[in-house]
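The values are calculated or read from the model by the stated rules, or taken from the named source; none is laboratory data. Just so it is clear, the model here is predicted, and its values are computed rather than measured. Here the Cβ positions follow ideal geometry from the backbone for every residue, glycine too, while neighbour counts run over all protein chains shown.
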Ligand SMILES: C[S@@+](CC[C@H](N)C(=O)[O-])C[C@H]1O[C@@H](n2cnc3c(N)ncnc32)[C@H](O)[C@@H]1O
């Protein structure tokens with residue numbers, strides 16, 4: 001998601017300091033229940049963008065603590081506005097690079113990761129940057145609670161095929177695979193900004209859920 005640079009955003013985001021965080025070290029690992037001030041399942045969206053999905057989900061699921069991770073503060077600003085408008089006390093937004101996700105959570109602290117319309121990195125030599133590359137799957141596996149899972153959506157057929165292969169090769173259990181989400185009977189789909197944009201053009205949305213292997 002590319003936006004024109006907004007020099008004023010850094011300052012504008014300050015008014016959302018109670019739910020927009022900028023983690024720089026490892027003090028957050030194992031602390032999320034204390035930060036939210038309650039014990040609740042923790043769902044994490046990777047690459048939150050402008051926040052339509054996380055806000056919709058948080059509104060419908062008040063009993064869940066949600067974290068949205070986004071590298072670009074200029075984009076996250078729009079998510080912060082939505083959180084404030086809807087007064088969602090169960091959301092925290094992080095200006096953070098997903099590559100460092102192991103520094104954010106303790107092993108077994110996360111109940112679910114959402115990956116929605118992540119960058120497809122189409123060139124083969126960039127495959128390690130795809131958020132469903134096994135390099136990332138290994139990190140998610142360590143951070144998920146037993147029984148935790150990933151919910152993945154994309155409009156990109158090649159990325160979806162790659163992801164299904166990565167999940168299978170690394171013994172993740174695949175469920176709810178859909179090659180045309182909007183034509184399926186899947187209920188309660190909350191659309192992201194990208195999903196609205198791509199599906200308006202008529203293309204299918206691909207979706208699956210995956211559970212990591214249990215290592216004995
Ligand atoms: C294609 S957009 C999709 C946004 C949103 N999920 C949606 O569906 O509307 C991908 C988003 O992931 C963010 N992103 C990509 N790599 C990231 C990283 N390493 N750490 C944090 N955010 C990242 C980008 O800044 C961008 O906002």
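Could you list, in sequence order, the residues of segment 184-196 that are modelled with pLDDT of 95 or more and either part of a helix (DSSP H, G or I) or out of contact with any strand residue (DSSP E or B) (no Cβ under 7 Å at 6 or more places or on another chain) (or both)?
189, 190, 191, 193, 194, 195, 196
From the set of residues in segment 109-121 that are assigned to a loop (DSSP other than H, G, I, E, B) and touching a residue at least 40 places away in the same chain (Cβ under 8 Å), which is nearest to residue 28 (Cα to Cα)?
Across segment 109-121, the extreme among qualifying residues is 109.
Could you please find all residues in segment 69-98 being near the ligand (Cβ under 9 Å from one of its atoms), more than 17 Å from residue 9 (Cα to Cα) and assigned to a helix (DSSP H, G or I)?
Answer for segment 69-98, where residues must be near the ligand (Cβ under 9 Å from one of its atoms), more than 17 Å from residue 9 (Cα to Cα) and assigned to a helix (DSSP H, G or I): just 98.
Return yes when residue 213 is assigned to a loop (DSSP other than H, G, I, E, B), more than 30 Å from residue 32 (Cα to Cα) and touching a residue at least 24 places away in the same chain (Cβ under 8 Å) and no when it is not.
Criteria not met by residue 213.
When the residues of segment 122-136 are narrowed to those that are within 15 Å of the ligand (Cβ to nearest atom), within 22 Å of residue 103 (Cα to Cα) and in contact (Cβ under 8 Å) with a residue 12 or more places away in the chain, which ends up farthest from the chain's Cα centre (by Cα)?
It comes out as 133.
Given the conditions (1) over 22 Å from residue 189 (Cα atoms); (2) in contact (Cβ under 8 Å) with a residue 24 or more places away in the chain, report the number of the one that residue 24 does not fulfil.
Going through (1) over 22 Å from residue 189 (Cα atoms); (2) in contact (Cβ under 8 Å) with a residue 24 or more places away in the chain one by one, residue 24 breaks only (2).
Residue-wise test of (1) away from the ligand (no atom under 14 Å from the Cβ); (2) over 25 Å from residue 50 (Cβ atoms).
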{"site": "142", "(1), (2)": "yes, yes"}
{"site": "146", "(1), (2)": "yes, yes"}
{"site": "153", "(1), (2)": "no, no"}
{"site": "186", "(1), (2)": "yes, no"}
{"site": "193", "(1), (2)": "no, no"}
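Does segment 139-149 contain any residue that is over 28 Å from residue 30 (Cβ atoms), without any contact (Cβ under 8 Å) to a residue 40 or more places away in the chain and either touching a helix residue (DSSP H, G or I) at 6+ places or on another chain (Cβ under 6 Å) or in a loop (DSSP other than H, G, I, E, B) (or both)?
Looking through segment 139-149, none of the residues is over 28 Å from residue 30 (Cβ atoms), without any contact (Cβ under 8 Å) to a residue 40 or more places away in the chain and either touching a helix residue (DSSP H, G or I) at 6+ places or on another chain (Cβ under 6 Å) or in a loop (DSSP other than H, G, I, E, B) (or both).
Under 8 Å between Cβ atoms, at least 6 apart or on separate chains: pull out the pairs that start in segment 43-71 with a residue that is over 12 Å from residue 114 (Cβ atoms) and end on any residue that is within 14 Å of the ligand (Cβ to nearest atom) and modelled with pLDDT under 95.
Going by the 8 Å Cβ cut-off, the qualifying pairs are 50/1.
Residues 66, 53, 105, 113: which one is within 10 Å of the ligand (Cβ to nearest atom) and within 15 Å of the chain's Cα centre (by Cα)?
Details: 66 fails: within 10 Å of the ligand (Cβ to nearest atom); 105 fails: within 10 Å of the ligand (Cβ to nearest atom); 113 fails: within 10 Å of the ligand (Cβ to nearest atom).
Answer to the selection: 53.
Could you list, in sequence order, the residues of segment 25-53 that are in contact with a helix residue (DSSP H, G or I) (Cβ under 9 Å, 6 or more places away or on another chain), at negative phi and in a loop (DSSP other than H, G, I, E, B)? Steps first, please.
Start the filter on segment 25-53 by keeping residues that are in contact with a helix residue (DSSP H, G or I) (Cβ under 9 Å, 6 or more places away or on another chain), which leaves 25-26, 28-29, 39-40, 42-53.
Checking the rest, the ones that are also at negative phi come to 25-26, 28-29, 39-40, 42-46, 48, 50, 52-53.
Matches in segment 25-53: 25, 26, 28, 29, 39, 40, 48, 50.
Taking residue 180, is it over 17 Å from the mean Cα position of the chain (by Cα) and closer than 22 Å to residue 52 by Cα?
On the way: over 17 Å from the mean Cα position of the chain (by Cα): yes; closer than 22 Å to residue 52 by Cα: yes.
Judged against the criteria, residue 180 is a match.
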